[in-house]
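Undergrad: If you scroll down you'll find the structure; I have some questions about it.
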Amino acid sequence: MSVKNLLIGIIVIASLTTVGCKRKGCTDSTASNYDNKAKKDDGSCDYNVVGNYDRATMLTNIAQNYIIPAYSNYELTLTNLKSKVNLFNTSPSTSTLQELRLSWKQACIDWQSVAFIDFGPAKDISLKAQTNIFPVDTVLINSNISTGTYDLQIPSNFDAKGLQAIDYLLFGTGANKQAVIDYFMNNVAAKDYLTAISDELKTNASTVLLNWNATYSEAFKNNNTNNSQGSAVSNLVNALSSHFETYVRKGKVGLPAGVFNGFSQQAMPGHVEGFYSGYSIEFVEATMQAMRKYIKGNGFSSNETGQGLDDYINFVSAKDANGNALETTIDTQITKIITALNSHSNPLSFEVVNNSTEVLATYQEMQKLVPLIKVDLTSALGVLVTYQDNDGD
């Protein structure tokens with residue numbers, strides 16, 4: 001199963017139903033941190049309770065100091081990417097290709113900082129599906145280029161555009177830089193396609209940022225009376241949990257490592273993110289660093305600490321299965337994941353084939369974070385899981 005299928009499947013499921021996950025019972029210590037009775041007669045949590053934590057301050061900090069600055073930075077990076085595309089198309093050379101490649105890499109890294117904000121304006125336009133599906137359909141990309149007739153807005157073209165389509169065009173169309181340059185110099189339609197993809201990436205980012213600045217930021221901050229389905233906290237937590245479980249742990253590492261490849265468990269190196277450039281591991285690490293900042297309520301640009309999910313978790317005295325502070329356990333596990341990622345010195349496509357034992361060990365560190373967020377964190381905050389992942393875990 002590719003990330004394309006994961007994205008399309010989740011879009012369809014989300015439009016039809018919401019499915020919760022099993023969780024621990026609501027404890028007396030958890031219930032005591034809510035204004036209303038949080039424990040039902042059967043011992044389960046009432047997920048519509050009103051907590052006395054200052055959610056408005058937390059949501060304001062996250063929106064103003066992380067989300068909007070992160071989207072602003074991402075849009076600015078895409079503006080630079082567009083200019084580098086135009087420069088390369090006008091003057092193809094080793095230097096302009098290198099500048100373009102570096103600009104694209106930065107756009108991919110900055111994308112990791114907003115990819116998990118998959119609600120509100122981003123969800124409205126399926127930003128994730130339009131931006132970063134992998135593996136890309138190179139046959140469709142080449143067909144679109146050769147015919148010159150394509151509509152990038154239709155879902156059937158989602159895996160022939162976005163950041164990963166640019167990865168193919170800049171790194172996969174020639175054995176070396178000069179071969180890539182020759183490919184574009186002999187193919188005006190390829191230049192046009194590269195321009196169309198970069199233009200659309202910028203347009204989509206601008207649309208999301210505009211909506212956050214115009215109306216959604218206030219709606220998000222004011223949607224703070226409880227943590228029930230559709231609330232700001234529920235949207236924030238579910239998007240974060242879904243992104244890590246499905247797109248990071250599974251899509252970026254598990255699928256390429258063969259964890260989900262049926263009985264054979266054979267590695268699928270072609271399923272990594274950034275397959276042609278070889279930057280897969282750097283992108284995963286960027287995701288983990290961004291998630292840590294987001295959870296801690298740190299400012300995106302300033303890195304100053306404000307009220308975040310970590311403060312909310314501590315407010316309800318949330319514990320892990322061993323009785324340790326949940327916030328500390330989550331942060332420690334993220335550190336372990338980053339350390340494991342840094343142990344790989346080669347592209348992930350190489351590692352899953354030639355260093356599979358170590359990759360699977362990295363995957364297991366990522367797997368340990370899933371229940372901490374999906375079960376322990378959601379249970380502590382009284383958030384119902386509203387997405388479905390059919391791993392069987």
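Quick note: the coordinates plus some simple rules give every number you see, no bench work behind them. As the structure is a prediction and not an experimental result, all values here were calculated from the model. Glycine gets a Cβ as well: all are built from the backbone with ideal geometry, and neighbour counts include every protein chain shown.
Undergrad: Give the long-range amide H neighbours of Gly306: residues separated by 5 or more places, or on another chain, with amide H under 5 Å away, using H modelled in the peptide plane at 1.01 Å from N.
TA: Under 5 Å from the amide H of Gly306 lie the amide H atoms of Asn298, Gly299, each far enough along the sequence or on another chain.
Undergrad: Give me the distance in nm between label points sitting 7 Å out from Cα along the Cα-to-Cβ direction at Lys336 and Asn314, one decimal.
TA: 2.2 nm
Undergrad: For Asp151 and Ile125 in the same chain, what is the full-extension length gain: residue separation times 0.36 nm, less their Cα-Cα distance, in nm?
TA: Between Asp151 and Ile125, full extension yields an extra 7.8 nm.
Undergrad: To the nearest 20 Debye, how big is the dipole of the chain about its Cα centre, given +1 on the beta carbon of each Lys and Arg and -1 on that of each Asp and Glu?
TA: In total the dipole reaches around 60 debye.
Undergrad: Let me ask something else about it. Quick check: the angle from helix 3-16's long axis to the longest principal axis of the chain, C-alpha only, nearest 10 degrees?
TA: Rounded to the nearest ten degrees, it is 40.
Undergrad: Taking θ = phi - 60°, what integer Hz values does the Karplus form 6.51 cos²θ - 1.76 cosθ + 1.60 yield along the stretch 96-105, in sequence order, with x for Gly and Pro?
TA: Ordered by residue, 3J(HN,Hα) equals 6, 5, 5, 4, 5, 4, 5, 5, 5, 4 Hz.
Undergrad: Tilt of helix 356-371 relative to the longest C-alpha principal axis of the chain, in degrees (0 to 90, nearest 10)?
TA: The answer is roughly 40 degrees.
Undergrad: Can you put Ser264, Ser379 in order, fewest other beta carbons within 10 Å first? Provide the component values of the computation, followed by the final result.
TA: Numbers: Ser264 7, Ser379 25.
Going from least to most buried by this count: Ser264, Ser379.
Undergrad: Which pairs break 26 Å Cα to Cα here: Lys250/Lys374; Lys202/Lys252; Lys84/Lys123; Lys252/Lys319?
TA: Values: Lys250/Lys374 14 Å; Lys202/Lys252 24 Å; Lys84/Lys123 28 Å; Lys252/Lys319 29 Å.
As for pairs spanning more than 26 Å Cα to Cα, those are Lys84/Lys123; Lys252/Lys319.
Undergrad: Could you give each residue of the stretch 187-204 its phi-based ³J(HN,Hα) in whole Hz, using Karplus coefficients 6.51, -1.76, 1.60 with θ = phi - 60°, and x for Gly or Pro?
TA: 9, 4, 4, 5, 4, 5, 5, 4, 5, 4, 5, 5, 4, 5, 4, 5, 4, 5
Undergrad: Check which residues have an amide H placed less than 5 Å from Lys319's amide H, if you skip close sequence neighbours.
TA: Result for Lys319 returns Leu326.
Undergrad: State the answer as a single residue: which of Leu341, Pro371, Leu309 lies farthest towards the positive end of the charge dipole of the stretch 287-393, with beta carbon charges of +1 for Lys and Arg and -1 for Asp and Glu, about the Cα centre.
TA: Checked the options; the winner is Leu309.
Undergrad: Also, I was wondering about something else. Name the residues whose placed amide hydrogens come within less than 5 Å of the amide hydrogen of Gly274, ignoring near sequence neighbours (fewer than 5 apart) on the same chain.
TA: Under 5 Å from the amide H of Gly274: no residue qualifies.
Undergrad: Calculate one ³J(HN,Hα) per residue across the stretch 303-316 by plugging θ = phi - 60° into the Karplus curve 6.51 cos²θ - 1.76 cosθ + 1.60, and present them in order as whole Hz with x for glycine and proline.
TA: 3J(HN,Hα) across the stretch 303-316, in whole Hz: 6, 5, 8, x, 5, x, 4, 4, 5, 5, 4, 5, 4, 8.
Undergrad: Return the whole-Å distance between the Cα centroid of the stretch 57-101 and the Cα centroid of the stretch 304-359.
TA: Centre-to-centre (Cα) distance: 27 Å.
Undergrad: OK, next. Between Ala56 and Glu99, with labels modelled 7 Å along Cα→Cβ, what's the label distance in nm to one decimal, could you check?
TA: 4.9 nm
Undergrad: Angle check, please: helix 280-296 long axis (alpha carbons) against the longest principal axis of the chain (alpha carbons), in degrees 0 to 90, nearest 10.
TA: Roughly 30 degrees, rounded to the nearest 10.
Undergrad: Further, regarding this structure: Can you find, among Ala286, Pro92, Thr77, the residue sitting farthest towards the positive end of the charge dipole of the stretch 3-381, where Lys and Arg contribute +1 and Asp and Glu -1 at Cβ?
TA: Highest projection toward the positive end goes to Ala286.
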